[in-house]
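The values are calculated or read from the model by the stated rules, or taken from the named source; none is laboratory data. Bear in mind the structure is a predicted one, so any value in this text is a computation, not a measurement. Glycine also receives a Cβ, built like all others from the backbone with ideal geometry; neighbour counts cover every protein chain displayed.
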Amino acid sequence: MPILDSVNGPEDIKKLTLSELEQLAEEIRERIISVVSRTGGHLAPSLGVVELTLALHHVFDAPKDKIIWDVGHQTYAHKLITGRRDKFHTLRQLGGISGFTKRSESPYDPFGAGHASTSISASLGFACARDMTGGDYKVVAVIGDGALTGGLAYEGINNAGALRKDMIVVLNDNRMSISPNVGAMSRVFTDIITAQAYNRLKNDIWELTGRLSFLGEQVRRIVRRIDQSLKALIVPGIFFERLGFRYFGPIDGHDLPYLISVLQQVKELKGPILVHIYTVKGKGYKPAEEDATTFHGLGRFDPKTGTPIKGEGPTYSEVFGRSLTEFAEGRERIVAITAAMKDGTGLKYFAERFPERFYDVGIAEAHAVVFAAGLAAAGMRPVAAIYSTFLQRALDPIIHDVALQKLPVVFAIDRAGIVGDDGPTHNGTFDLIYLRMVPDMVVMAPKDERELKAMLLTALNYEEGPIALRYPRGKGPGTDFSGEVEPLPVGRAEVLKEGRDGTIWALGSMVYPSLEASRILEAEGLSFGVVNARFVKPLDGELLLKTSELGPVVTVEEGSLSGGFGSAVLEYLEDSGLSSVRVLRLGIPDRFVEQGRRGEILRILGLDGQGIAKSIKEWL
């Protein structure tokens with residue numbers, strides 16, 4: 001029987017020999033590859049931390065000890081050995097287990113995470129709460145080098161170093177972004193500084209010199225300088241030492257026996273500790289090792305070859321990327337910015353064609369927006385392509401640094417609406433709300449691929465201030481976006497169908513389902529027109545007032561109903577003295593929407609053609 005099938009919790013990990021643990025690591029990789037090939041998910045990150053996961057659960061006593069993973073998409077091995085093995089095949093599926101850490105899913109997930117750079121701050125919170133309540137447990141944060149491009153991580157490091165709480169940060173460096181300085185010397189040095197004898201000697205010297213007056217302080221300064229000088233020569237940890245952490249590493253994160261030995265040693269030390277390990281992203285699966293970017297997060301694929309299984313036609317992201325690249329020809333002021341999502345946002349086309357005008361700032365959305373503001377103030381035309389869920393992290397810069405100064409920054413908001421498998425941490429349901437409230441912000445959403453291209457041209461030509469276009473994940477209806485397009489008049493909607501009994505005002509991805517709903521209603525004797533709203537801000541008030549004279553108004557949006565597009569329509573009618581107009585708002589309810597295929601979630605929410613028609617009939 002495979003070892004994995006006998007592991008029901010971390011207590012079973014502790015019973016295994018080192019050779020059995022290494023065998024278990026291979027079985028875990030095989031199970032992850034098999035399941036993710038069918039469900040999609042974050043493959044390469046989880047394959048890279050299998051040994052680390054086993055070492056952590058072998059050394060520490062979860063769930064009493066708190067192991068807090070950054071982002072959470074590297075926790076597939078963690079889920080397999082913490083009682084979720086039999087449900088692992090439901091990964092990211094409707095009603096299944098999450099692709100991220102989730103407090104309601106397991107006591108082994110003490111803190112939920114879907115966005116990066118949060119683990120150190122959260123761990124410090126656990127450490128402080130432990131000390132205030134007299135608790136007795138260890139706190140371990142696991143963070144990747146990519147997450148260290150986010151400023152929040154450094155805010156946490158700075159505060160943790162100052163407070164001097166007992167906590168351990170494991171830095172998983174899978175791209176050697178901090179330093180390539182690894183090898184025998186660093187290993188020898190790590191052996192020395194993690195050894196109990198070394199630390200007892202250091203503490204004894206510290207206590208002895210502390211009893212001396214003038215001479216004691218001189219000796220302490222000398223000891224401190226020698227200790228830090230040796231570390232600066234041999235390891236790249238002096239930066240963390242200066243911030244108050246004791247640094248150990250770099251350590252081979254796939255050398256399971258040695259990794260366990262180091263963690264056992266540092267577990268007994270006091271104060272903030274940073275253990276720097278280096279790993280190979282995608283370890284154990286050749287396609288993922290060779291192309292970690294593609295296999296970071298992907299849909300279904302052939303496990304034998306690693307070939308992704310894709311449908312026909314480009315995604316909205318690809319339409320955006322290709323269109324921006326086309327428009328940038330001959331327009332040298334256009335620059336593109338992304339926050340660690342070059343491929344995901346479709347900017348790989350722009351980066352290949354115009355590398356000198358492309359900037360990937362890392363997982364640092366707030367910086368991306370202020371950086372774009374600086375570019376715009378200097379006369380450039382920056383396009384910031386950021387997922388809706390991640391743009392939330394840059395709300396203050398959007399307001400203060402861009403809109404307040406009326407800078408012409410273009411926000412290309414990918415994954416707006418329901419993202420599906422990644423669930424509530426990644427659903428882009430709030431961008432209409434937080435952008436609509438910003439003065440001088442233009443907000444639009446295309447009904448299809450060709451209109452996305454036209455809106456992008458509109459945005460690039462707009463000089464009066466910030467402008468945003470939001471579009472969903474995945475593929476559109478398949479309209480031809482090749483050839484030239486004309487810019488749209490800002491604030492003008494489009495009548496797609498006339499109606500006698502009322503009008504459906506649909507936004508973006510909801511236009512085609514609304515047309516289907518109109519056809520369903522017509523077959524049952526109800527005549528509802530359909531308007532492609534195009535713009536949330538400014539609204540086409542003239543057309544809205546005209547259609548409201550015909551009868552009830554229905555708004556449909558793939559966004560939260562609390563303060564979104566439907567609210568904008570209600571506000572406009574109220575301000576125009578037409579509060580008596582009957583309005584039905586359809587969209588995403590005031591709750592976090594769980595994971596599942598995008599299509600099935602929209603169906604459950606009643607945002608497909610059948611659901612929209614049903615809601616209108618029941619309302620009438």
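Every condition in (1) surrounded by 15 or more Cβ atoms within 10 Å (Cβ to Cβ); (2) at pLDDT below 85; (3) under 25 Å from Ile157 (Cα atoms); (4) in contact with a helix residue (DSSP H, G or I) (Cβ under 7 Å, 6 or more places away or on another chain) is met by Pro236 except one, and the failing one is (4). Here is the figure for the stretch 460-489: residues that are in contact with a strand residue (DSSP E or B) (Cβ under 6 Å, 6 or more places away or on another chain) and within 27 Å of Lys546 (Cβ to Cβ) total 4. Based on this model, can you work out whether Asp145 counts as touching a strand residue (DSSP E or B) at 6+ places or on another chain (Cβ under 7 Å), among the charged types (D, E, K, R) and within 22 Å of Arg84 (Cβ to Cβ)? When the stated conditions are applied, Asp145 does not pass them. When Arg103 is tested against (1) farther than 26 Å from Pro397 by Cα; (2) without any contact (Cβ under 8 Å) to a residue 40 or more places away in the chain; (3) assigned to a helix (DSSP H, G or I), just one condition goes unmet, and that condition is (3). For the stretch 34-48, the set of residues classified as of a type outside the set (Ser, Thr, Tyr) and surrounded by 22 or more Cβ atoms within 10 Å (Cβ to Cβ) consists of Val36, Gly40, Gly41, His42, Leu43, Ala44, Pro45, Leu47, Gly48, listed by residue number. Residues in the stretch 477-518 that are of a type in the set (D, E, K, R), closer than 29 Å to Gly313 by Cα and touching a Gly at 6+ places or on another chain (Cβ under 8 Å): Lys497, Glu516.
Exactly one residue among Glu20, Glu27, Glu51 is loosely packed, with under 15 Cβ neighbours inside 10 Å and out of contact with any Cys (no Cβ under 8 Å at 6 or more places or on another chain), and that residue is Glu20. Restricting the stretch 352-369 to residues that are of a type in the set (A, V, I, L, M) and part of a helix (DSSP H, G or I) leaves a set whose member that is farthest from the chain's Cα centre (by Cα) is Val369.
Could you tell me which of the residues Asp414, Asp401 is under 19 Å from Ala372 (Cβ atoms), among the charged types (D, E, K, R), in contact with a strand residue (DSSP E or B) (Cβ under 6 Å, 6 or more places away or on another chain) and outside the structural domain of Gly112 (by TED's automatic domain parsing)? Outline the logic, then answer.
On the way: Asp401 fails: in contact with a strand residue (DSSP E or B) (Cβ under 6 Å, 6 or more places away or on another chain).
Only one candidate qualifies: Asp414.
Quick one: how many residues across the stretch 419-450 are surrounded by fewer than 22 Cβ atoms within 10 Å (Cβ to Cβ) and under 24 Å from Gly330 (Cβ atoms)? Residues that pass the stated criteria total 1.
As a summary of the residue check, Gly420 satisfies the conditions (1) within 23 Å of Gly40 (Cβ to Cβ); (2) part of a helix (DSSP H, G or I) except for the one numbered (2).
Remark: Glu542 falls outside the filter, which requires a residue to be among the acidic types (Asp, Glu) and under 20 Å from Gly474 (Cβ atoms).
Look at the stretch 496-523: where a residue is over 22 Å from Val581 (Cα atoms) and a partner is at pLDDT below 95, sitting 6+ places away or on another chain with Cβ atoms under 6 Å, you get Tyr512/Pro477. Selection over the stretch 285-307 of residues that are touching a residue at least 24 places away in the same chain (Cβ under 8 Å) and either of a type in the set (Lys, Arg) or surrounded by 19 or more Cβ atoms within 10 Å (Cβ to Cβ) (or both) gives a count of 9.
Yes/no per residue for (1) in the same structural domain as Ala77 (by TED's automatic domain parsing); (2) touching a strand residue (DSSP E or B) at 6+ places or on another chain (Cβ under 6 Å); (3) under 25 Å from Lys14 (Cα atoms):
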position	(1), (2), (3)
Lys270	yes, no, yes
Val275	yes, yes, yes
Gly299	no, no, no
Pro303	no, no, no
Gly321	no, no, no
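Scanning the stretch 317-347 for residues that are touching a Ser or Thr at 6+ places or on another chain (Cβ under 9 Å) and either more than 23 Å from Phe371 (Cα to Cα) or not aliphatic (A, V, I, L, M) (or both) yields a count of 9.
Filtering the stretch 323-347 to residues that are in contact with a strand residue (DSSP E or B) (Cβ under 8 Å, 6 or more places away or on another chain) and either assigned to a loop (DSSP other than H, G, I, E, B) or surrounded by fewer than 21 Cβ atoms within 10 Å (Cβ to Cβ) (or both) leaves Phe327, Arg331, Arg333, Ile334, Ala339, Ala340, Met341, Lys342, Gly344, Thr345, Gly346, Leu347.
With the checklist (1) at pLDDT 95 or above; (2) more than 29 Å from Ala336 (Cβ to Cβ) in hand, flag the one item Leu550 doesn't pass. With respect to (1) at pLDDT 95 or above; (2) more than 29 Å from Ala336 (Cβ to Cβ), Leu550 is out only on (1).
Report yes if some residue within the stretch 125-139 is under 21 Å from the mean Cα position of the chain (by Cα) and polar (S, T, N, Q); otherwise report no. No: zero hits.
Can you tell me which residue within the stretch 370-417, out of those that are of a type in the set (Ser, Thr, Tyr) and part of a helix (DSSP H, G or I), is nearest to Leu432 (Cα to Cα)? Across the stretch 370-417, the extreme among qualifying residues is Ser388. When each of Gly465, Gly476 is tested for being surrounded by 15 or more Cβ atoms within 10 Å (Cβ to Cβ) and closer than 28 Å to Tyr572 by Cα, the lone residue that passes is Gly465. Residues of the stretch 63-93 that are in contact with a Phe, Trp or Tyr (Cβ under 8 Å, 6 or more places away or on another chain), crowded, with 22+ Cβ neighbours inside 10 Å, part of a loop (DSSP other than H, G, I, E, B) and touching a residue at least 40 places away in the same chain (Cβ under 8 Å): Val71, Gly72, His73, Thr82, Leu91.
Residues checked against (1) part of a loop (DSSP other than H, G, I, E, B); (2) over 30 Å from Ser527 (Cα atoms):
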| site | (1), (2) |
| --- | --- |
| Leu435 | no, yes |
| Gly465 | yes, yes |
| Ala468 | no, yes |
| Pro477 | yes, no |
| Asp480 | yes, no |
| Gly483 | yes, yes |
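Those helices (runs of 4 or more DSSP H) of the stretch 523-620 in which 1 or more residues are over 26 Å from the mean Cα position of the chain (by Cα) occupy 541-548, 565-575, 609-619. Scanning the stretch 395-415 for residues that are within 22 Å of Val71 (Cα to Cα) and surrounded by 24 or more Cβ atoms within 10 Å (Cβ to Cβ) returns Ile413, Asp414, Arg415.
In the condition set (1) outside any loop (DSSP other than H, G, I, E, B); (2) surrounded by 24 or more Cβ atoms within 10 Å (Cβ to Cβ); (3) within 25 Å of the chain's Cα centre (by Cα), Lys453 is compliant with all but (3). Applying the criterion of being surrounded by 24 or more Cβ atoms within 10 Å (Cβ to Cβ) and under 25 Å from Lys165 (Cβ atoms) to the residues of the stretch 94-112, the residue that is modelled with the highest pLDDT is Asp109.
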